[in-house]
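The values are calculated or read from the model by the stated rules, or taken from the named source; none is laboratory data. As the structure is a prediction and not an experimental result, all values here were calculated from the model. Neighbour counts run over all protein chains shown; Cβ positions are idealised from the backbone, glycine included.
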Amino acid sequence: MKASEVRNMKDAEIKVELGKLRTQVFDLNAKLVTATVEDTSQFRKTRKDIARLLTERRRREIAAVSSTAAAQPAAAAPQPKASKKK
C-alpha cells in the first residue's frame, strides 16, 4: 500500500483497513509460533502499512483542529502582572 493510496481513502475506510491489518499481524504472530510462516517479510510490510494509516489519520486530525482553531476568533491575551518595586 502506498501513501498516495492511503491519502485517497476515506476515514471509515482507514478504520476498516487498520482493523484488517492488525488482525493480519496477530495471525502472523500466531503462525510464527507454530512455525508456518513462509514469508517473514510480511511482518515488516504489514507494520509499515499500519504506520502509514495511523500517520494519515493523525494528519487529518491535526488539520481538522487547526482549521477549527483558525475559524474561531482569538481570545484577548492576558495582561502581564505589574511587578512591585520596594
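Scanning the stretch 32-44 for residues that are exposed (fewer than 13 other Cβ atoms within 10 Å of the Cβ) and of a type outside the set (A, V, I, L, M, F, W, C) yields T34, T36, E38, D39, T40, S41, R44.
Sort out which residues of the stretch 18-45 are farther than 25 Å from A63 by Cα and among the small types (G, A, S), and write them in order of number. Within the stretch 18-45, A30, A35, S41 qualify.
Among the residues of the stretch 52-86, those identified as modelled with pLDDT under 85 and either surrounded by 10 or more Cβ atoms within 10 Å (Cβ to Cβ) or among the small types (G, A, S) (or both) are S67, A69, A70, A71, A74, A75, A76, A77, A82, S83. Look at K15 and say whether it is under 17 Å from R60 (Cβ atoms), modelled with pLDDT of 90 or more and more than 13 Å from the chain's Cα centre (by Cα). No, not satisfied.
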